[in-house]
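Data first, discussion second: the structure below is written as structure tokens.
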Amino acid sequence: MPIKSSNRFGMRSATLKWIMLTGAIVIGVIITIQLYWLNHIYKLEQRQFDTNVVKSVRGLFEDIRLSDIPGSHIRQVITSRPTPNTFLVGIQHLPNPDTLTFYFAKELMDFHVLTECEIAIYDKTKDSYIFRQSIPSPASEAGTQTGGLKLYPADDNYLLLHFPDRSSYVLSQMNLWIIGSIVLALVLIGLAISLFYFYKQKFLIEIQKDFVNNFTHEFKTPLAVMKIASEVLSQPGIINQPERMEKYAGIIQHETEHLQNQVERLLKMAVSEQNVLQVQREAISVKELIDQAISKLQPLVEAEQAQIEIKPMEDDMIVTADKTHLELAIVNLVENGIKYSGRPLIVIETGKCGTDHFISVKDNGVGIDKRFFKSIFKKFYRVPTGDVHNVKGFGLGLNFVKKIVDAHNGKIVVNSVPGIGSEFKIILPG
């Protein structure tokens, strides 16, 4: 059975992002639908208002003699609507003003048109209004003479009905809908804020986990090397091999100093609350960097009987980078090559790609299928390894290497053939 991918933690973060995005889309859709229905209801209320005005006019035609046209055809009498708030009602007989206002006010009340109406009588022979009056809403004071009504010249007599507060009156009829929509919008906005706050907290937790995982992985390799070195020093015959004893004691001392430096960096980052990988660039010798990386892995190299070939350039290559982090990236790649190989053969090569520099680490391990290339740098991801069952890890090594390379504005290229081996090439800008 192959080792299955253990990237469920990374998937949780991606799933959470999709949940947040879906929730935001749903909230947006609900608010959009609510606004659509409010607009639809507003138009329906306007139509209802117009219908009630028409019914009031029909009732007026039945109350007083204004035309010889039957009341059932009253829609034909409303000759035009110059504005949404204005109705022109064609008449043949000029009515008595007091009778007109009395009966029309009664009809408006009967059909629940409870807003101010400005009414005027147009006399075609005089081409002017011979009467203008404001019929107030039930809550207003008594009607008064009104002015400022626009004149619409016509060939026939007509009544002008103008409702100045038509829009606000229609909106007042929608109070319950508007209040309900506002409450719903506030609830949805509150929910959106809560989701964002929850996601932010989750994101901070993920950063903290990532922070701990990065440094945990930095500590893992030095501790493993120190463990192997201590096992060598605990062998009975080591006292008779002073050179070897001094070598492994030096390795333990070097790794101890390295861990102390890492702890200090950890504390500084914790105090400053920095979430990104910080690099301190300096001019470093790539040959020296590789030698130090191999030196750290010497106990593991001897334990696994690995062969390491270094093919540096003729001229020592100098790069501007963070020495500690770049060395750790090389250590991770070499360590992976040793772990996933039966008889490890690691080839390290350096060179230039145009103006850029590269460091290549090749191995003769199990290899990686091309379909896994996009996933191998994800946190907690481990490639299925066929018959290899004894390789332990958390799927953090390549993820951390990628972060180191990204922090240097570089890139890492993978070439691999299953059963033959893999090549990881770190490319750094010149």
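The values are calculated or read from the model by the stated rules, or taken from the named source; none is laboratory data. Bear in mind that the values here come from a model prediction, so they are computed numbers and not experimental data. We place every Cβ from the backbone using ideal geometry, glycine too, and count neighbours over all the protein chains shown.
A few points about this structure:
- Residue satisfying all of: in the stretch 106-152; farther than 22 Å from S67 by Cα and among the small types (G, A, S); modelled with the lowest pLDDT among these: G143
- Matching residues in the stretch 239-275 - criterion: being among the β-branched types (V, I, T), over 20 Å from K296 (Cα atoms) and at pLDDT 80 or above: I239
- Extreme residue, farthest from S67 (Cα to Cα), among residues of the stretch 86-105 that are hydrophobic (A, V, I, L, M, F, W, C) and touching a residue at least 60 places away in the same chain (Cβ under 8 Å): F87
- Scope the stretch 403-426; condition part of a strand (DSSP E or B) and more than 18 Å from C353 (Cα to Cα); matching residues: S416, V417, G421, S422
- Filter pass, F61 being touching a helix residue (DSSP H, G or I) at 6+ places or on another chain (Cβ under 6 Å), at pLDDT 90 or above and of a type outside the set (S, T, Y): no
- Members of the stretch 5-49 found to be touching a Ser or Thr at 6+ places or on another chain (Cβ under 8 Å) and either at pLDDT below 75 or farther than 22 Å from V183 by Cβ (or both), listed by number: S5, N7
- Being of a type in the set (K, R) and modelled with pLDDT of 85 or more is a property that holds for K370.
- Some residue of the stretch 373-383 being crowded, with 21+ Cβ neighbours inside 10 Å and modelled with pLDDT of 90 or more: no
- Considering the conditions (1) of a type in the set (A, V, I, L, M); (2) more than 20 Å from K209 (Cβ to Cβ); (3) at pLDDT below 90, I412 is excluded by exactly one of them, (3).
- Taken as a whole, the stretch 221-238 holds at least one residue that is modelled with pLDDT of 75 or more and either more than 14 Å from P299 (Cβ to Cβ) or in the same structural domain as I330 (by TED's automatic domain parsing) (or both).
- Top-ranked residue in the stretch 106-126 [being part of a helix (DSSP H, G or I) and crowded, with 18+ Cβ neighbours inside 10 Å; ranked as farthest from the chain's Cα centre (by Cα)]: E107
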